[in-house]
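*Asks:* Before anything else, here's the structure in question.
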Amino acid sequence: MIKKLREHELLTKLLIILFIALFTQAATISLFIYQRARDAYIQQFDQSNRMTLQKIQHDFETLNDNIENTLTLLAESSAVEGYFKEGQQTTLEKINQLRTVQKMNDSLAPIFPNIKDDIFLFGENGRMFISNDMVSDLTADDFFQLELIQKVNENPTATQMVFTQFGLTKRDKHSPSVLFIKKLRSTLNQTYGYAVVAITSDELAKIFSQSVDPETTQIDFVTDEKKIFASNVQNRIGTTFDSFDELVEHETLTKANQRITRLPLYRQNSALVSEVNVHSIADQMNVIIPIILYNIGTLILGGILVAIYLNRNTRSIYQLVDSLNQIKEPVAATVPIQGTYEIRTLATTINQLLTTISDNHTQSLQNEKKKRTLEIQAMQAQIQPHFIYNTLTSLKFLVWQQENEKAVAGIDSFIDLLRSTIGNKNEIIPVEEELNSVRSYIAILTLRYGDAISTKIMVPEELYSLYMPNMIIQPIIENAYLHAFQTKKYGYITFYGMIRENKLTFEVMDTGDGFDTEQPTKNRDYFSGIGSKNVHERIQLLYGEDYGLHIDSVVGVGTSVTITLPIIKKESNTE
């Protein structure tokens, strides 16, 4: 996979840049759409919320009107006045008056749909009336002793709303409640008692609890003393609304992701406050996932279309690259001219360059071939005088020692050797011819050094028909005679021939002194002869660095010189 990406680096980078650009564009557009949709949704929610608040405001005023009508009806009843006013009354009169009050209570319409309320009548004569079967948690005397009665008496308003942390019945004893209290006055304008409509804060909250979602909108009824007397958040009832003074009636204040609106509740000098959580509203929009899905789909579709377009237009580039990669030799090589105008121009220029390179390469090969031929001829010219000099020196010693028969035999071997080497102008000769030269050369060396060093040739006949450079074995054998037996006076030199690892391999092994191959100086001594050094360089010039000479030696055991050559048959031999 990584290799494939590297081979298509241009397309990969273009696709990455494209993806980043499309992703950035999609993210920017998504953010813009989301922000505009959010603002529009909040604005629409504000309008809807304002209508809801106006309805809540209207319902509360309706509740107050109904309570006022009920309390007024009770306050104007003569039966109520007669039952709760101080005076001398017979038991029968009291019973009749109580029945009248009970009938009146039964005939009263509900204060507000779905809201439970309790009506209390407290008289200064100690009498008390409850509209239902609830049990009062306090007597009339206890009621008159409440601190809130003193505040009610100090206020000239006939009907007042008072918030308390307790209820008047045993059921609502621990429930925060709202008391609507009206003074009961006689015809002489004297207060003889109080009519009370008691509603718990939880019941009062039913005015708005069905209209708003508490997760997004918080509704509070707040007194002029900043006390919250009803709310759709239970733990806020009875607490103080600290930022109440910052609010202006009929206006909306944005504060810490909250949109706060205040509307007046005229009848009781209180206020309706709405707190809308902007984040919660935005979460209810349910547009994020559709936007993301839409942009992902658009991104994928756009990416596929552009990828197809890029692939189609970069295909010619990769075909051009593949064509260049397939060119191993610049000789007569060309690349296809196709694709866009720019690619065609590039391909044309490359073909012109390849043509120029091909011409230069051909000329370079010809020059290199001439150079190599001259170098080989020069080295061979060095080998032949060196060999002739050593041979004549050996014959001179034989004559000087008056060993005429050996000298004559040596001269005959020398003549045969000259006939097969100097007389043969071919650089590449059969293995058999090279072996004949080696045998003649060994005969000459034997005349010089005697029989103390025995030489043996072990080359199978199937190698005779192969070809090899001439005069590359003699210098190695000569080196063995000169350097291998410095300490030892007797030994063996064996010449092997074989096919190893698909190479023609010759090995010259001696049982001489040997040396440490890790010591460069010893290695250089063994190669110090002109013949051995030139043989190695000559082979590498002819066939490359994979061929040549290699020396292995063990001190006290002997030395092995391996010659590796390519397998050259008659059909492939070139002179």
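*Asks:* Having 3 or more residues that are within 34 Å of the chain's Cα centre (by Cα) and touching a residue at least 40 places away in the same chain (Cβ under 8 Å) is the bar; report the strands (runs of 3 or more DSSP E) wholly within region 210-300 that clear it.
*Replies:* none
*Asks:* Mind listing whichever residues of region 445-478 are over 22 Å from LYS406 (Cα atoms), among the polar types (S, T, N, Q) and surrounded by 14 or more Cβ atoms within 10 Å (Cβ to Cβ)?
*Replies:* Passing the criteria: only ASN470.
*Asks:* Would you be able to say whether some residue in region 139-147 is part of a loop (DSSP other than H, G, I, E, B) and surrounded by 15 or more Cβ atoms within 10 Å (Cβ to Cβ)?
*Replies:* yes
*Asks:* Which of (1) at pLDDT 90 or above; (2) farther than 28 Å from TYR41 by Cβ; (3) touching a strand residue (DSSP E or B) at 6+ places or on another chain (Cβ under 8 Å) does GLU203 not meet, given it meets every other one?
*Replies:* (3)
*Asks:* Is it the case that some residue within region 114-133 is exposed (fewer than 13 other Cβ atoms within 10 Å of the Cβ), touching a residue at least 24 places away in the same chain (Cβ under 8 Å) and in the same structural domain as ASN189 (by TED's automatic domain parsing)?
*Replies:* yes
*Asks:* Residues that are touching a strand residue (DSSP E or B) at 6+ places or on another chain (Cβ under 9 Å), modelled with pLDDT of 85 or more and in a loop (DSSP other than H, G, I, E, B): does region 93-109 have at least one?
*Replies:* no
*Asks:* Check whether at least one residue in region 122-131 is in contact with a Gly (Cβ under 6 Å, 6 or more places away or on another chain), hydrophobic (A, V, I, L, M, F, W, C) and part of a strand (DSSP E or B), and report yes or no.
*Replies:* yes
*Asks:* In the list TYR441, TYR490, which residue meets the criterion of being in contact with a strand residue (DSSP E or B) (Cβ under 9 Å, 6 or more places away or on another chain) and either at pLDDT below 85 or not polar (S, T, N, Q) (or both)?
*Replies:* So the residue among TYR441, TYR490 that is in contact with a strand residue (DSSP E or B) (Cβ under 9 Å, 6 or more places away or on another chain) and either at pLDDT below 85 or not polar (S, T, N, Q) (or both) is TYR490.
*Asks:* Select from region 126-155 the residues that are among the hydroxyl-bearing types (Ser, Thr, Tyr) and either touching a Ser or Thr at 6+ places or on another chain (Cβ under 9 Å) or under 15 Å from GLN102 (Cβ atoms) (or both) and list them in ascending order.
*Replies:* Passing the criteria: SER131, SER136.
The rows are residues; the columns are (1) among the basic types (Lys, Arg); (2) assigned to a loop (DSSP other than H, G, I, E, B).
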| site | (1), (2) |
| --- | --- |
| ILE411 | no, no |
| ARG439 | yes, no |
| THR446 | no, no |
| GLU462 | no, no |
| SER465 | no, yes |
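*Asks:* Please find, among GLY497, GLY531, the residue that is at pLDDT below 85 and in contact with a helix residue (DSSP H, G or I) (Cβ under 7 Å, 6 or more places away or on another chain).
*Replies:* The unique qualifying residue is GLY531.
*Asks:* In addition: Does at least one position in region 227-247 carry a residue that is of a type in the set (Gly, Ala, Ser), touching a helix residue (DSSP H, G or I) at 6+ places or on another chain (Cβ under 9 Å) and crowded, with 20+ Cβ neighbours inside 10 Å?
*Replies:* Looking for residues that are of a type in the set (Gly, Ala, Ser), touching a helix residue (DSSP H, G or I) at 6+ places or on another chain (Cβ under 9 Å) and crowded, with 20+ Cβ neighbours inside 10 Å, one finds at least one in region 227-247, hence yes.
*Asks:* Against the condition part of a helix (DSSP H, G or I), free of Cβ contacts under 8 Å to residues at least 12 places away in the same chain and surrounded by fewer than 16 Cβ atoms within 10 Å (Cβ to Cβ), how does GLN54 come out, does it pass?
*Replies:* Judged against the criteria, GLN54 is not a match.
*Asks:* Which residues, taken from region 208-226, are buried (at least 17 other Cβ atoms within 10 Å of the Cβ) and closer than 18 Å to VAL162 by Cβ?
*Replies:* Listed by number, the residues that qualify are ASP220, PHE221, VAL222, THR223.
*Asks:* Within region 193-207, can you find the residues that are surrounded by fewer than 20 Cβ atoms within 10 Å (Cβ to Cβ) and in contact with a Ser or Thr (Cβ under 9 Å, 6 or more places away or on another chain)?
*Replies:* Selection gives ASP202 alone.
*Asks:* While we're looking at this one, here's another question. Among what's in region 57-101 and is free of Cβ contacts under 8 Å to residues at least 40 places away in the same chain and among the hydrophobic types (A, V, I, L, M, F, W, C), pick the residue that is surrounded by the fewest Cβ atoms within 10 Å (Cβ to Cβ).
*Replies:* If we take residues in region 57-101 being free of Cβ contacts under 8 Å to residues at least 40 places away in the same chain and among the hydrophobic types (A, V, I, L, M, F, W, C), then LEU92 is surrounded by the fewest Cβ atoms within 10 Å (Cβ to Cβ).
*Asks:* Among the residues of region 497-516, which ones are in a strand (DSSP E or B), farther than 15 Å from LYS569 by Cα and touching a Ser or Thr at 6+ places or on another chain (Cβ under 6 Å)?
*Replies:* GLU507, MET509, ASP510
*Asks:* Moving to a separate point now. Kindly list the number of the only condition in (1) loosely packed, with under 13 Cβ neighbours inside 10 Å; (2) of a type in the set (A, V, I, L, M); (3) at pLDDT below 85 that fails for VAL278.
*Replies:* Just one mismatch for VAL278, condition (1).
*Asks:* Identify the residue in region 479-513 that is polar (S, T, N, Q) and under 19 Å from SER440 (Cβ atoms) and, among all such residues, is surrounded by the most Cβ atoms within 10 Å (Cβ to Cβ).
*Replies:* The qualifying residue surrounded by the most Cβ atoms within 10 Å (Cβ to Cβ) is ASN479.
The values are calculated or read from the model by the stated rules, or taken from the named source; none is laboratory data. This one's a predicted model, so the numbers in the text were calculated from it and none came from an experiment. Quick reminder, even Gly has a Cβ in these numbers, built from the backbone with ideal geometry, and neighbours come from all protein chains shown.
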